[in-house]
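These notes are about the structure you will find just below.
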Amino acid sequence: MKLLLIEDEEKMARLLQRGLTEAGHLVDVCGRGEDALEQALNIAYDVVLLDWNLPDLDGLAVLRRWRERGLRTPVLMLTARGTVGEKVMGLRAGADDYLVKPFAFEELLARLEALHRRDDAQGLASKVGPLVLDARRRVIRHGEHEQVLTGREFALFSELASHAGEVLARSTLLGHVWGESFDGPPNIVDVYVGYLRGKLKKLQVEAVSIQVVRGVGFRLVVEGRE
């Protein structure tokens with residue numbers, strides 16, 4: 001598995017990274033909530049291990065913001081908080097599992113494997129005309145060819161695909177994909193639509209296109225679909 005470990009305690013992070021690497025997994029480590037927000041959205045991970053207590057933005061806030069932005073990667077929360085109420089808070093915020101510190105490393109491995117199996121079993125793939133949209137790997141596939149999408153690209157394409165044929169305003173796309181508090185460049189949606197068009201072109205698919213509706217927004221069109 002490709003894992004993201006978000007843990008600010010350096011000794012713990014090193015131990016977990018070493019153990020998980022020795023178990024055959026690829027592990028990226030991040031020590032800050034703000035950094036983790038973008039990293040998980042822009043890199044396709046199989047499972048995220050998220051510590052609740054982070055120095056800048058606590059894990060619960062990070063988790064809520066991920067789910068608001070459409071991140072579907074399984075998240076295992078690691079924390080010393082073990083009351084029933086705290087577990088419920090974590091699960092309701094979008095966690096898929098919960099492990100209280102201190103824990104046995106073998107149990108951590110078993111829970112990661114269970115999350116990965118469950119994610120595979122859900123079959124997170126959908127059809128958009130002749131394209132297959134793979135949510136777990138964040139790729140769009142046409143026949144034997146595929147293009148990897150960043151987290152933002154995938155979220156934007158998914159939003160357009162779920163409303164295929166409908167015109168979505170820039171403001172709607174901006175709010176759903178970047179969040180209501182986004183204060184970056186106003187043309188960011190246009191920029192990312194350009195990225196998606198480029199990847200569709202590389203796949204040589206003509207039946208799916210993203211059209212500009214001047215003065216309003218964008219529409220994903222699938223030929224042959226009413």
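Below, the figures for the structure above:
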| item | result |
| --- | --- |
| Considering residues of region 60-87 that are farther than 15 Å from LEU50 by Cβ and over 19 Å from the mean Cα position of the chain (by Cα) only, the residue surrounded by the most Cβ atoms within 10 Å (Cβ to Cβ) | GLY82 |
| Sole exception among (1) crowded, with 20+ Cβ neighbours inside 10 Å; (2) touching a Phe, Trp or Tyr at 6+ places or on another chain (Cβ under 9 Å); (3) at pLDDT 85 or above for ALA95, by number | (2) |
| Condition check for GLY90: at pLDDT 90 or above, over 16 Å from the mean Cα position of the chain (by Cα) and not in a loop (DSSP other than H, G, I, E, B) | no |
| Extreme residue, nearest to ALA155 (Cα to Cα), among residues of region 1-40 that are in a loop (DSSP other than H, G, I, E, B) and of a type outside the set (A, V, I, L, M) | ARG32 |
| Residue in region 31-40 that is over 14 Å from the mean Cα position of the chain (by Cα) and buried (at least 17 other Cβ atoms within 10 Å of the Cβ) present | yes |
| Count of residues meeting criterion [acidic (Asp, Glu), touching a Ser or Thr at 6+ places or on another chain (Cβ under 9 Å) and either over 14 Å from LEU76 (Cα atoms) or not in a loop (DSSP other than H, G, I, E, B) (or both)] in region 41-62 | 1 |
| Considering residues of region 103-140 that are modelled with pLDDT under 85 and assigned to a loop (DSSP other than H, G, I, E, B) only, the residue surrounded by the most Cβ atoms within 10 Å (Cβ to Cβ) | ARG138 |
| Answer residue from region 175-218, given it is in contact with a Gly (Cβ under 9 Å, 6 or more places away or on another chain) and closer than 29 Å to LEU37 by Cα and is modelled with the highest pLDDT among those | VAL189 |
| Residues located in region 26-37, provided they are touching a residue at least 12 places away in the same chain (Cβ under 8 Å) and out of contact with any helix residue (DSSP H, G or I) (no Cβ under 8 Å at 6 or more places or on another chain) | LEU26, ARG32, GLU34 |
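The values are calculated or read from the model by the stated rules, or taken from the named source; none is laboratory data. Just so it is clear, the structure is predicted and the values come from calculations on it, not from any experiment. Reconstructed Cβ throughout: ideal geometry from the backbone, glycine too, with neighbour counts over all protein chains shown.
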